[in-house]
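Report on one structure; see the data block that follows.
The values are calculated or read from the model by the stated rules, or taken from the named source; none is laboratory data. Because the structure is predicted, anything quoted here is derived from the model rather than measured. Methodologically, a virtual Cβ is constructed for each residue, glycine included, from the backbone with ideal geometry; neighbour enumeration extends over all protein chains shown. All accessible areas refer to the heavy atoms of the entire protein, side chains included, with ligands and DNA or RNA removed. Shrake-Rupley method; radii C 1.70, N 1.55, O 1.52, S 1.80 Å.
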Amino acid sequence: MGTRTLTRRMATACFATTLAVALLPMAGSFDAATAQAIKQTPPSPPKQAASADESAAYEVTGFRDAHFGMSEQEVRASIVRTFGIKNADITSATNPIEGTTVLTARVPSLEPGPGQAHVAYIFGHNSKKLIQVNIIWGEDAAAKTDPNALIAASTRLQRYFAGFAWRKDAARVGIPVGDNTVVLFAAEDEKKGALRLVVDGIKYQLAQEGNQTTSPDPKGPPKLMINYIADRESPDIAKIDKGRF
């Protein structure tokens with residue numbers, strides 16, 4: 001999942017505007033396809049932080065020292081500098097469908113998420129420059145992730161991102177997109193960037209128009225993912241021109 005480029009325009013989710021989602025600490029499975037269908041009117045707008053600094057506009061430019069537009073060599077140097085790992089510990093792979101290259105770093109610890117994190121840096125098909133960064137906690141099946149710790153981390157991250165200003169009417173919170181998957185926060189900046197915070201493999205309760213339902217028990221470990229996206233409208237991926245077939 002860390003190598004997939006989640007840059008397509010969000011589809012409208014079929015949920016009423018009167019809903020609330022409460023996460024329940026459980027373990028579960030990950031459905032990658034559901035992470036893309038996440039646009040709808042939220043139950044309430046994200047609360048802006050009182051502090052002038054925290055309520056400043058957020059611009060999605062990459063992750064830490066790795067900025068969109070950097071070359072693979074520049075990002076490798078950034079990874080080594082940021083996380084203190086060796087260049088040999090960074091793996092490289094190609095996405096044959098989207099024609100992108102992915103560098104993945106395994107980070108022993110990355111707050112606020114629990115345990116090991118996978119940080120995937122995705123490079124465009126044509127530009128060969130950085131176009132997206134995915135951070136995933138819980139990707140390592142061999143390591144047991146504490147569901148309570150993961151939900152606590154996801155809540156902290158949701159509050160953090162909601163504390164910034166985003167493009168008008170482009171921030172969404174608490175959107176269930178699968179039996180065990182919830183988009184905790186999704187937003188677009190004033191330029192081309194977008195951000196997604198998705199928790200998967202969890203059990204949740206959904207309150208909708210006075211009715212409350214509970215999702216089924218998940219079947220695998222929980223996961224938490226952040227997507228930092230450079231261009232939400234025109235991702236640099238391999239495409240077939242219209243009219244060729």
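Could you list all residues from region 103-129 that are touching a residue at least 60 places away in the same chain (Cβ under 8 Å) and more than 16 Å from the chain's Cα centre (by Cα)?
Passing the criteria: Gly124, His125, Asn126, Ser127, Lys129.
Name the pairs: first residue in region 206-217 and farther than 14 Å from Ile175 by Cβ and among the β-branched types (Val, Ile, Thr), second residue open to solvent by less than 50 Å² (accessible area, probe 1.4 Å) and at pLDDT 80 or above, Cβ to Cβ under 6 Å, at least 6 apart or on different chains?
Close Cβ pairs (under 6 Å, with a partner that is open to solvent by less than 50 Å² (accessible area, probe 1.4 Å) and at pLDDT 80 or above) amount to Thr213/Leu206.
Output the number of the condition that Trp137 fails; it satisfies all remaining conditions of (1) touching a Leu at 6+ places or on another chain (Cβ under 8 Å); (2) of a type outside the set (Val, Ile, Thr); (3) free of Cβ contacts under 8 Å to residues at least 40 places away in the same chain.
Going through (1) touching a Leu at 6+ places or on another chain (Cβ under 8 Å); (2) of a type outside the set (Val, Ile, Thr); (3) free of Cβ contacts under 8 Å to residues at least 40 places away in the same chain one by one, Trp137 breaks only (3).
Thr145: closer than 16 Å to Ala117 by Cα and hydroxyl-bearing (Ser, Thr, Tyr), yes or no? Walk me through it before giving the result.
Details: closer than 16 Å to Ala117 by Cα: yes; hydroxyl-bearing (Ser, Thr, Tyr): yes.
Answer is yes for this residue.
Among residues belonging to region 203-240 that are open to solvent by 20 Å² or more (accessible area, probe 1.4 Å) and among the small types (Gly, Ala, Ser), point out the one that is farthest from Thr61 (Cα to Cα).
Among them, the one singled out is Gly210.
Would you say Phe161 is among the aromatic types (Phe, Trp, Tyr), touching a residue at least 12 places away in the same chain (Cβ under 8 Å) and not in a strand (DSSP E or B)?
Values: among the aromatic types (Phe, Trp, Tyr): yes; touching a residue at least 12 places away in the same chain (Cβ under 8 Å): yes; not in a strand (DSSP E or B): yes.
It is true that Phe161 is among the aromatic types (Phe, Trp, Tyr), touching a residue at least 12 places away in the same chain (Cβ under 8 Å) and not in a strand (DSSP E or B).
Just a yes or no: is a residue in region 157-178 polar (S, T, N, Q) and either over 18 Å from the mean Cα position of the chain (by Cα) or open to solvent by less than 30 Å² (accessible area, probe 1.4 Å) (or both)? Talk me through it step by step, then tell me what you get.
First pass over region 157-178, keeping only residues polar (S, T, N, Q): 158.
Now narrow it down to the ones that are either over 18 Å from the mean Cα position of the chain (by Cα) or open to solvent by less than 30 Å² (accessible area, probe 1.4 Å) (or both): none.
No.
Return the residues of region 115-139 that are more than 17 Å from Val182 (Cβ to Cβ), outside any strand (DSSP E or B) and open to solvent by less than 50 Å² (accessible area, probe 1.4 Å); say none if nothing qualifies.
Gly115, Gly124
Does Lys191 satisfy the criteria of being under 25 Å from Gly124 (Cα atoms), touching a residue at least 24 places away in the same chain (Cβ under 8 Å) and not small (Gly, Ala, Ser)? Steps first, please.
Values: under 25 Å from Gly124 (Cα atoms): yes; touching a residue at least 24 places away in the same chain (Cβ under 8 Å): yes; not small (Gly, Ala, Ser): yes.
Against the criterion (under 25 Å from Gly124 (Cα atoms), touching a residue at least 24 places away in the same chain (Cβ under 8 Å) and not small (Gly, Ala, Ser)), Lys191 qualifies.
So, in region 171-198, exactly how many residues are part of a loop (DSSP other than H, G, I, E, B) and under 12 Å from Val60 (Cβ atoms)? Working first, answer last.
Here is the first cut: in region 171-198, the ones part of a loop (DSSP other than H, G, I, E, B) are 171, 179-180, 189-193.
Filter once more, so that each one left must be under 12 Å from Val60 (Cβ atoms): 189-193.
So the count comes out to 5.
Test Thr91 against the stated conditions and say whether it is more than 20 Å from Arg196 (Cα to Cα), open to solvent by 40 Å² or more (accessible area, probe 1.4 Å) and in contact with a Ser or Thr (Cβ under 6 Å, 6 or more places away or on another chain). Step through it out loud before you land on a result.
On the way: more than 20 Å from Arg196 (Cα to Cα): yes; open to solvent by 40 Å² or more (accessible area, probe 1.4 Å): yes; in contact with a Ser or Thr (Cβ under 6 Å, 6 or more places away or on another chain): yes.
Yes: the conditions hold for Thr91.
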